[in-house]
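See below for the structure under consideration.
The values are calculated or read from the model by the stated rules, or taken from the named source; none is laboratory data. Bear in mind that the values here come from a model prediction, so they are computed numbers and not experimental data. Note: ideal-geometry Cβ built from the backbone for every residue, glycine included; neighbour counts use all protein chains shown.
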């Protein structure tokens, strides 16, 4: 069974922009200022502003923000194993480390 490719392709910069925008929307939904989120997360306001406007942020700061916004479950799912889709995936020979 072939997997269908998504036609909803986004560039890496578009993904980062969306992520920053979603954090801003979550912050505003809580009626928090950047200062409030900075205090609760320990992430400087300048970093929050850069993240909300460009999507650029370090991983540790992203996790701190997710914790402050009570959205860590989304981070926990990042890079988690994909669920098995077919019996062929279960019976397929697993590759050895470092080989294709």
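Any residue at all in region 62-82 that is loosely packed, with under 10 Cβ neighbours inside 10 Å and modelled with pLDDT of 95 or more? Within region 62-82 (the criterion being loosely packed, with under 10 Cβ neighbours inside 10 Å and modelled with pLDDT of 95 or more), the answer is yes, since at least one residue qualifies.
Got at least one residue in region 48-61 being in a helix (DSSP H, G or I), free of Cβ contacts under 8 Å to residues at least 12 places away in the same chain, out of contact with any strand residue (DSSP E or B) (no Cβ under 8 Å at 6 or more places or on another chain) and surrounded by 14 or more Cβ atoms within 10 Å (Cβ to Cβ)? Yes, the conditions are met somewhere in region 48-61.
When we screen 23, 43, 39 for residues that are assigned to a helix (DSSP H, G or I) and either surrounded by 14 or more Cβ atoms within 10 Å (Cβ to Cβ) or modelled with pLDDT under 95 (or both), the only hit is 23. Residue count for region 83-93, restricted to those that are surrounded by fewer than 10 Cβ atoms within 10 Å (Cβ to Cβ), modelled with pLDDT of 70 or more and not in a helix (DSSP H, G or I): 3.
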